[in-house]
1. Among the helices of the chain (complete DSSP H runs), which have Cα atoms covering no less than 24 Å along the helix axis and a Kyte-Doolittle mean of at least 1.6?
2. Using Cβ contacts closer than 10 Å as the measure, can you line up Val80, Val109 from fewest to most?
3. Just rank Met88, Met188, Met66, fewest to most, by other beta-carbon atoms within 10 angstrom.
4. Within the chain, which is the longest segment that contains none of the chymotrypsin sites (Phe, Trp or Tyr not before Pro) sitting in a DSSP loop with at most 14 other Cβ atoms within 10 Å?
5. How big is the charge dipole of the range 17-91 about its Cα centre, in debye rounded to the nearest 20, if each Lys and Arg gets +1 on its Cβ and each Asp and Glu gets -1 on its Cβ?
6. Quick check: convex hull of the Cα atoms in the chain, volume per residue, rounded to a whole Å³?
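What follows is calculated from the coordinates using simple rules that are stated; it is not laboratory data. Owing to the predicted nature of the structure, the values given are computational and were not obtained by experimental measurement. Quick reminder, even Gly has a Cβ in these numbers, built from the backbone with ideal geometry, and neighbours come from all protein chains shown.
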Amino acid sequence: MQFQWNHLFTVSFTLFAVIDVLGSIPLFIAIKEKNQVAFDAKKITTISGIIMIAFLFIGQQFLDLMGLDVHSFALAGSIVLFLLGLEMILGHEIFKGDDNPKLGIIVPVAFPLIAGSATLTTIISLKAIYSQLEIIAGIIANLIIIYVVISSLKWFEKILGPGGIIAVRKFFGVVLLAIAVKIFSSNMSLFGR
């Protein structure tokens with residue numbers, strides 16, 4: 001399959017919509033405040049990229065080896081997103097931090113917020129239509145955007161202010177719950193087929 005620029009645009013835009021890094025800004029800020037540690041944008045972006053590219057090459061085989069299908073994987077990811085949404089709304093810690101807070105931001109930021117079940121299942125789906133080179137280029141384009149957004153979190157915090165951060169966090173907690181329910185219900189109907 002030959003590399004085509006219009007395919008790169010389609011792949012990049014599809015992944016951008018699924019990853020929704022701009023919509024995740026309040027989540028990132030909430031996780032950053034909870035762990036009281038600055039995000040290492042380079043590390044988070046690198047780990048997210050490794051997960052996505054690895055899943056492009058061995059994702060389906062990995063799921064097959066574990067006896068899982070894409071729908072089971074998506075269901076599990078939706079439960080994690082649901083719990084993150086509850087944590088944001090209720091203000092109670094569900095995901096206990098690691099002893100090393102710098103490691104604690106990798107999960108859930110790199111996985112499942114950036115390279116989560118929706119992103120990884122989308123990558124598998126794109127493989128059926130587009131070349132691996134086009135998908136890798138689309139992943140790299142999104143990683144650049146992710147890096148810029150995570151590097152700019154302080155700027156976003158300054159604009160929103162403490163009260164704005166709380167309001168936006170609760171609002172996006174509800175949005176995250178709705179996304180989790182949608183992923184869960186759409187995959188539950190296909191579960192076990």
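1. On the way: long enough: 41-65 (32 Å, 1.24); 70-90 (30 Å, 2.01); 132-151 (28 Å, 2.13); 153-188 (40 Å, 1.12).
The qualifying helices are 70-90, 132-151.
2. Working: Val80 19, Val109 25.
The order, fewest Cβ neighbours first, is Val80, Val109.
3. Working: Met88 26, Met188 13, Met66 10.
Lowest to highest Cβ neighbour count: Met66, Met188, Met88.
4. Details: sites that count: Phe3, Phe95, Phe191.
After excluding every exposed loop site, the longest remaining stretch is 96-190.
5. On the way: 4 positive and 6 negative charges, 55 e Å.
Value, rounded to 20: 260 debye.
6. 121 Å³
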